[in-house]
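Notes follow the structure.
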Amino acid sequence: MVNLLVGHKGSGKTAKMIDMANASLNEVSGSVVFINKNHRLMYDLKYRIRVVCMEDFEQVTNVDEYIGFLYGIISQDHDIERLFIDSILKHADVHLEDLPDFLERVNEISVKYGIDFYISLSAAREELGDIVNKYKVLN
């Protein structure tokens, strides 16, 4: 399942995602992964959460490469149950117009591998159009 947290910068999406990721350790028996733009949040997340900082992978520069990157993470750990992606629009040159394709591909990964994705988007709900109707919006 793909879950979205939507809102402009400063609306509390990241804090909510951190709380959800930390709480998920009590709800799942598998692994939890948190993908962030930089190392800033590393110490806010519990040590059992695998933190991936995209600034360490600057060669991931578009949606296709990002999807391949996700497959790489999944191939290293077949026990991933939840995968959090904070502020996807700040990663790998992903733009609003890329979201329908990106989210559809992530949804296919979710179904195939049984991973729940939680993705935050720094945009107003109105800017996303029909995208928000296809996925669960948590805020």
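The values are calculated or read from the model by the stated rules, or taken from the named source; none is laboratory data. Keep in mind it's a predicted model, so treat the numbers as computed, not measured. Virtual Cβ from ideal backbone geometry, glycine too; neighbours counted across all protein chains shown.
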**Message:** Scan segment 110-117 and tell me whether some residue there is modelled with pLDDT under 95 and either in contact with a Gly (Cβ under 6 Å, 6 or more places away or on another chain) or closer than 19 Å to residue 34 by Cβ (or both).
**Reply:** no
**Prompt:** So how many residues does segment 111-139 have that are outside any strand (DSSP E or B), among the polar types (S, T, N, Q) and surrounded by 17 or more Cβ atoms within 10 Å (Cβ to Cβ)?
**Reply:** 0
**Asked** strands (runs of 3 or more DSSP E) wholly in segment 1-110 with at least 2 residues that are of a type in the set (D, E, K, R) - which ones?
**Response** 80-85
**Complete:** All-but-one check, residue 83 against (1) farther than 14 Å from residue 106 by Cβ; (2) modelled with pLDDT of 95 or more, failing number (1)
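Just a yes or no: is a residue in segment 66-77 of a type in the set (S, T, N, Q) and surrounded by 16 or more Cβ atoms within 10 Å (Cβ to Cβ)?
Residues of segment 66-77 of a type in the set (S, T, N, Q): 75-76.
Among the residues that remain, those that are also surrounded by 16 or more Cβ atoms within 10 Å (Cβ to Cβ) are: none.
Among the residues of segment 66-77, not one is of a type in the set (S, T, N, Q) and surrounded by 16 or more Cβ atoms within 10 Å (Cβ to Cβ), which makes the answer no.
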**Asked** Which is farther than 24 Å from residue 107 by Cβ and either surrounded by fewer than 19 Cβ atoms within 10 Å (Cβ to Cβ) or of a type in the set (D, E, K, R) (or both), of 9, 90, 16?
**Response** 9
**Request:** Considering only segment 70-103, state which residues are in contact (Cβ under 8 Å) with a residue 24 or more places away in the chain, of a type in the set (Asp, Glu) and out of contact with any strand residue (DSSP E or B) (no Cβ under 8 Å at 6 or more places or on another chain).
**Result:** 93, 98, 101
